[in-house]
Amino acid sequence: MNRQPIPRRQIDVAEKQSTPRNLLRTKILFSPLDALSRALPPDREETVVLIPSSPVLTRHGTHPKTGAPANFARRLGDPRIVRGAGCAAVMVSVRVLIGSLLDTWPQHGAWFRGAGAVVVVGAAAAWGAWDGKRADRAPDADPTLRWLAAAVVAGVAAGAAAWLLARGGVSVYRINSLPFELTAGAAWTLLLVFVAAVAGLRGAAGKKRRAR
C-alpha cells in the first residue's frame, strides 16, 4: 500500500511539540563549528539536528542565553555604554591634552580650558544630533533617557580613567582624589554631556519638523 508523504510543515510541528526545552535546533552544515554557531529559526524548512543548548559554542563565546562571555559582549554593545564610553574618552583626552599644554604654556590656561569645553560639548551635541536624525528607526527607545544614562556612564568612567592616568604619571588637568572625581567631577561631566546631547537631539528634531 502506498503511503502519502508527510508534509515537511507537519514534521516541524511534531518536532517542536516533542522537543525538550533544553535542545537547540541548528543547521547541518559542512563544518562542525558552523553547525554549533548558527541557530535555525523554527519555521525554516531545512534538515536540522538537535544538540544540547547549554553550553553551546558560538562565534561570540558560549550560547547567548546561558554564557557569560556572550552576555558581557552584548552589554558592551549597549548604546548607553557606547555613548558614555565615547564621551568619557573625549573628556579624558581633553584633560590630558590641557595638562600637557599647561606645562609648556601656563599663561594660556583660560584659552585651553575654553577650547576643551567646546570640544566636549561639540562631540556630545553632534552625537545627540545624529541620534535625533535616526530617532524614527527606533521609535520605542527614548533618546533623552538613553543619553541620561550615557552621561552617568561618561562621568564615572571619565573620573576613574583620569585618576588612574594621573596615578600612572600622566599629566592630567585638575586631577583630584578618587572620591571627588567619582562625585563632583563626574557630575560636571554628566552635566556637560547631557545638556549638549539633549540640545543636539532637540535641534535635529526641530529641523525634521521644519522639513515636513
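The values are calculated or read from the model by the stated rules, or taken from the named source; none is laboratory data. Just so it is clear, the model here is predicted, and its values are computed rather than measured. Cβ coordinates were reconstructed from backbone atoms using ideal geometry, including for glycine residues, and neighbour counts include every protein chain displayed. With ligands, DNA and RNA removed, areas are computed over all heavy atoms of the protein, side chains included. Shrake-Rupley method; radii C 1.70, N 1.55, O 1.52, S 1.80 Å.
Evaluate the stretch 103-121: report whether one residue or more is within 14 Å of residue 83 (Cα to Cα) and at pLDDT 95 or above. Break it down into steps so the answer makes sense when it comes.
Start the filter on the stretch 103-121 by keeping residues that are within 14 Å of residue 83 (Cα to Cα), which leaves 120-121.
Imposing the further condition that a residue be at pLDDT 95 or above reduces the set to 120-121.
For the stretch 103-121, residues within 14 Å of residue 83 (Cα to Cα) and at pLDDT 95 or above: present.
Picking from residues in the stretch 87-125 that are in contact (Cβ under 8 Å) with a residue 12 or more places away in the chain and more than 19 Å from residue 158 (Cα to Cα), the one that is nearest to the chain's Cα centre (by Cα) is 102. Would you confirm whether any residue within the stretch 136-158 is under 16 Å from residue 86 (Cβ atoms) and either in contact with an Asp or Glu (Cβ under 6 Å, 6 or more places away or on another chain) or basic (Lys, Arg) (or both)? Yes, the stretch 136-158 contains a residue that is under 16 Å from residue 86 (Cβ atoms) and either in contact with an Asp or Glu (Cβ under 6 Å, 6 or more places away or on another chain) or basic (Lys, Arg) (or both).
Kindly check whether there is at least one residue in the stretch 160-170 that is hydrophobic (A, V, I, L, M, F, W, C), more than 20 Å from residue 198 (Cα to Cα), open to solvent by 40 Å² or more (accessible area, probe 1.4 Å) and without any contact (Cβ under 8 Å) to a residue 12 or more places away in the chain.
Keep residues of the stretch 160-170 that are hydrophobic (A, V, I, L, M, F, W, C), which gives 160-166, 170.
Now narrow it down to the ones that are more than 20 Å from residue 198 (Cα to Cα): 160-166, 170.
With the extra rule that they be open to solvent by 40 Å² or more (accessible area, probe 1.4 Å), the set shrinks to 163-165, 170.
Keeping just the survivors that are without any contact (Cβ under 8 Å) to a residue 12 or more places away in the chain gives 164.
For the stretch 160-170, residues hydrophobic (A, V, I, L, M, F, W, C), more than 20 Å from residue 198 (Cα to Cα), open to solvent by 40 Å² or more (accessible area, probe 1.4 Å) and without any contact (Cβ under 8 Å) to a residue 12 or more places away in the chain: present.
The set of residues from the stretch 183-193 being buried (at least 16 other Cβ atoms within 10 Å of the Cβ) and more than 21 Å from the chain's Cα centre (by Cα) comprises just one member, 185.
Checked against (1) at pLDDT below 95; (2) within 12 Å of residue 87 (Cβ to Cβ), residue 170 passes all but condition (2). Note on the stretch 133-150: among residues that are assigned to a helix (DSSP H, G or I) and modelled with pLDDT under 90, the one that is most open to solvent (accessible area, probe 1.4 Å) is 137. For the stretch 154-212, a residue qualifies if it is hydrophobic (A, V, I, L, M, F, W, C) and not in a helix (DSSP H, G or I), and the qualifying residues are 170, 172, 175.
Would you mind stating whether residue 130 is farther than 12 Å from residue 91 by Cα, open to solvent by 80 Å² or more (accessible area, probe 1.4 Å) and in contact (Cβ under 8 Å) with a residue 12 or more places away in the chain? I'd like the intermediate steps shown before the answer.
Working: farther than 12 Å from residue 91 by Cα: yes; open to solvent by 80 Å² or more (accessible area, probe 1.4 Å): yes; in contact (Cβ under 8 Å) with a residue 12 or more places away in the chain: yes.
Yes, satisfied.
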